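The values are calculated or read from the model by the stated rules, or taken from the named source; none is laboratory data. None of these values were measured; they are calculated from a predicted model. Methodologically, a virtual Cβ is constructed for each residue, glycine included, from the backbone with ideal geometry; neighbour enumeration extends over all protein chains shown.
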Amino acid sequence: MENLFFPSRCHAQQKVHSPQSHSAVLNLQTFSSEHFHDNRIFMKSYIVNACLILSIFAVNALGCFASDKDEAIKKDHLLYEGTWKVVALRVNGVAASELDARQISVVNGSDGTWILRVRDKEISRGTSVIDPTTMPKVIDFTPTDGSGKDNRSEGIYELTLNTRTLCFSPHGKARPTAFNSAVGSESILVVFERQ
């Protein structure tokens, strides 16, 4: 029995040379090349459309993310606003006495500005930039007047309605990653209560 997919040698050697068969082969080749060309055009337009749709989604997603981040910043700035009294202070692993700590206060504006006071005397003022969308939340603050002028410090913070915790490093040191101040770390850990 002859295999339809693998014809016998005798059958394979029989060639048909009729004009109709030659024309059919040419038509098939023409159809195949035109079909291939049409498919390539279709695929190109499909890919272009897919890229356009993806880029629109990406822009919208970035817009939503930026909007969410802006809202989070605004919310924390409003929560930050007010006068805060230091209730605990640890510098490079050494705790300040509660009496000394409570002599320090900070007045925060809703625009990121702040004024540092010791015994009600202004020591420094400046600006801060926060990002509450990270974990932990991050803050960079720069004195614009007074002690430490133009020396930006990097820190992390936690914030509730009436309490705030801030851990930061001196200018030029890496941002802390946890809320602690071990000996040798040079980190400063501060706990505030709203006045």
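Summed over region 163-192, the residues that are surrounded by 15 or more Cβ atoms within 10 Å (Cβ to Cβ) and not hydrophobic (A, V, I, L, M, F, W, C) give a count of 9. Residues in region 120-149 that are in contact with a Gly (Cβ under 9 Å, 6 or more places away or on another chain), closer than 20 Å to residue 173 by Cβ and not polar (S, T, N, Q): 126, 129, 130, 138, 139, 140, 141, 143, 148, 149.
From the list 190, 183, the one residue that fits, being in a strand (DSSP E or B), aliphatic (A, V, I, L, M) and not assigned by TED's automatic domain parsing to the domain that holds residue 72, is 190.
Results for (1) of a type in the set (A, V, I, L, M); (2) in the same structural domain as residue 185 (by TED's automatic domain parsing); (3) over 26 Å from the mean Cα position of the chain (by Cα), shown as yes or no for each residue.
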{"position": "70", "(1), (2), (3)": "no, no, no"}
{"position": "85", "(1), (2), (3)": "no, yes, yes"}
{"position": "107", "(1), (2), (3)": "yes, yes, yes"}
{"position": "117", "(1), (2), (3)": "no, yes, yes"}
{"position": "121", "(1), (2), (3)": "no, yes, yes"}
{"position": "131", "(1), (2), (3)": "no, yes, no"}
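Only one of the numbered conditions (1) in contact (Cβ under 8 Å) with a residue 24 or more places away in the chain; (2) within 23 Å of residue 180 (Cβ to Cβ) is not met by residue 97, and that is (1).
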